[in-house]
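To start, the structure itself, in structure tokens.
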Amino acid sequence: MAGTDRGIRTVEDVMALLDGLFAPGADRWTEGGADWWDGFYADRDRPVPFFVPKPDENLVSYLDRGLLTAGGRALDLGCGPGRNSLHLAARGYRVDAVDLSATAIRWAEERAGERGEEGVRFRCGDAFAPGTVEGSYDLVYDSGCFHHLPPHRRVTYLALLDRVLAPGGAFALTAFAAGEGGMGSERPDADFYREGALEGGLAYTDTSLRAIFAEYEPVELRRMSPQPPDSPHFGEGFLWTALFRRRP
């Protein structure tokens, strides 16, 4: 029949097909969502908790307790204005920091310039697209990227980790926590395709995070520790923190 579309041949073709099931404007995970994030970061005075120039309390704790070894090469996924990237660089890492939003990257570069920090290479783009991220990393850090991905893009996420995380390397993330005091949607995965939207992000339990990242050794999973306004660190109790290690 003329016009019949039978173009699905690869996993990425399937991913693109599933991306297309979401409503126009719902994209927050491919380069098509960059404009939305640019608008999100445009007003720096908005009372957004993670706009503060402070590193995550769990990241600081991992380093202070020796769960992460300072130095080496790090990848910051969805780096935003660069608060965690800059902390990692200050602790001796050579950091590649990637975000979809050019507005966020400009803000991050300004912060780096103000601190005289040259240990971060900021890049605007889709970290999951071929050719954006290359090489091997001792640490992959994600503060708030994973929970904005639709369920099928977990496959893409895991493929990136498998490709870039060095043997024995560490992977850490913060994500919306399900349950009392949490944020994000707790609806079943299939519902997001029926509705064509992610409702601001997906909430996870510690059990679901352990299952998704079952190929990695869990080191620590806990709620993020809320921080007072005068703390030098960022912390909100509606987030899970998770640290995994790739087996050698």
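Throughout, read-outs are computed from the coordinates displayed, never taken from laboratory work. Keep in mind it's a predicted model, so treat the numbers as computed, not measured. Here the Cβ positions follow ideal geometry from the backbone for every residue, glycine too, while neighbour counts run over all protein chains shown.
For the chain, what proportion of DSSP beta bridges, expressed in % and rounded to the nearest 5, is antiparallel?
Roughly 35 percent of the beta bridges in the chain run antiparallel, per DSSP.
Given Gly66, Gly181, Leu77, which one lies farthest toward the positive end of the charge dipole of the chain, if we put +1 on the Cβ of every Lys and Arg and -1 on the Cβ of every Asp and Glu?
Sorting the options by dipole projection puts first Gly66.
Once fully extended, how much extra length lies between Asp13 and Thr205, figured as 0.36 nm per residue of separation less the alpha-carbon to alpha-carbon distance?
Values: separation 192, 0.36 × 192 = 69.12 nm, distance 2.97 nm.
Stretched fully, the Asp13-Thr205 segment lengthens by 66.1 nm.
If you work out Kirkwood radius over Cα pairs in Å from the coordinates, which of [x] 19.3; [y] 18.7; [z] 18.0 do you get?
Read-out from the structure maps to [y].
Rounded to the nearest 20 Debye, what is the dipole magnitude of the chain about its Cα centre when Lys and Arg each give +1 and Asp and Glu each give -1 at the C-beta?
The calculation lands at about 600 debye.
Along the stretch 236-244, what does the Karplus equation 6.51 cos²θ - 1.76 cosθ + 1.60 (θ = phi - 60°) give for ³J(HN,Hα), rounded to whole Hz, x for Gly and Pro?
Whole-Hz 3J(HN,Hα) from phi for the stretch 236-244: 9, x, 8, 10, 7, 10, 9, 10, 10.
How large is ³J(HN,Hα) for each residue in the stretch 78-92, as worked out from phi by the Karplus curve 6.51 cos²θ - 1.76 cosθ + 1.60 (θ = phi - 60°), to whole Hz, x for Gly and Pro?
Rounded to whole hertz, the list is x, 5, x, x, x, 5, 7, 4, 5, 5, 4, 4, 5, 9, x.
So between Tyr193 and Glu220, what do we pick up on full extension, going 0.36 nm a residue minus the alpha carbon distance? All intermediate terms of the calculation are to be shown ahead of the outcome.
Values: separation 27, 0.36 × 27 = 9.72 nm, distance 3.18 nm.
Computed gain between Tyr193 and Glu220 is 6.5 nm.
Would you be so kind as to identify which of Ala26, Thr10, Ala42 lies farthest towards the positive end of the dipole of the stretch 1-48, taking Lys and Arg as +1 and Asp and Glu as -1 on Cβ and the Cα centre as origin?
Of the listed residues, the answer is Thr10.
Quote the charge dipole size of the stretch 48-99 about the Cα centre in Debye, to the nearest 20; the model charges only the Cβ of Lys and Arg (+1) and of Asp and Glu (-1).
160
Decide, for the stretch 24-162, between rounded, prolate and oblate: order the square roots of the alpha carbon gyration tensor eigenvalues as a ≥ b ≥ c, take rounded if a/c falls under 1.5, and otherwise choose prolate if a/b is larger than b/c, else oblate. Mind dumping the intermediate values first?
On the way: a/c = 1.63, a/b = 1.18, b/c = 1.39.
Oblate, since a/c reaches 1.5 and b/c is not below a/b.
Treating only the Cβ of Lys, Arg, Asp and Glu as charged (+1, +1, -1, -1), what charge dipole size does the stretch 20-107 show about its Cα centre? Round to the nearest 20 debye.
Computed charge dipole of the stretch 20-107: roughly 380 debye.
Kindly rank 107-115, 224-232 from highest to lowest mean number of other beta carbons found within 10 Å of each residue.
Values: 107-115: 16.4, 224-232: 12.2.
The densest-packed peptide leads the list: 107-115, 224-232.
What 222 nm value per residue comes from the helices of the chain, counting each DSSP H run with n ≥ 4 as -39,500 (n - 2.57) and dividing by all residues, nearest 500 deg cm²/dmol?
The per-residue figure over the chain is -8500 deg cm²/dmol.
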